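To start, the structure under review is shown below, and the notes come after it.
The values are calculated or read from the model by the stated rules, or taken from the named source; none is laboratory data. Since the structure is predicted, the reported quantities are computational estimates derived from the model, not experimental observations. All Cβ positions, even for glycine, are placed from backbone atoms using ideal geometry, and neighbour counts span all protein chains on display.
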């Protein structure tokens, strides 16, 4: 028997977003472009955050050089900041590696027949949750004997 999908709020949010992305981008080409754009936006944003954090650390280091009475407690947040920057740089390095691999997906061009198959299966994998038939089916599936509308 297949395992039931997790019902926690995070997983539910993921399932909704997953299905939305399939519905709104139902072709190979659209999925390629979507993933490329998501990767690029992630790299751009994390790169900018790294730059800003490094500037802040540089300014604090200059201030600490001027103030010779810096205590060890004051240095602790700087250590945490340096660790966060190192972690973000690691993430960016992984994103760069993924980008290099993803460039290969743009070598694939699918004929219209294949793109149509993508659209068809997208409708099966992630039907519109607001579709009237889907709403009726959900209502029927979620009725239980203890609900008053079950007759």
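Here residue 69 passes the criteria (1) modelled with pLDDT under 85; (2) surrounded by 10 or more Cβ atoms within 10 Å (Cβ to Cβ) except the one numbered (2). Across segment 124-140, a minimum of one residue is classified as at pLDDT 85 or above and either exposed (fewer than 10 other Cβ atoms within 10 Å of the Cβ) or in a helix (DSSP H, G or I) (or both).
Annotation note: of 82, 113, the sole residue that is surrounded by 13 or more Cβ atoms within 10 Å (Cβ to Cβ) and at pLDDT 90 or above is 82.
Of all the criteria given as (1) surrounded by 15 or more Cβ atoms within 10 Å (Cβ to Cβ); (2) more than 24 Å from residue 94 (Cα to Cα); (3) within 14 Å of the chain's Cα centre (by Cα), the one not satisfied by residue 15 is (1).
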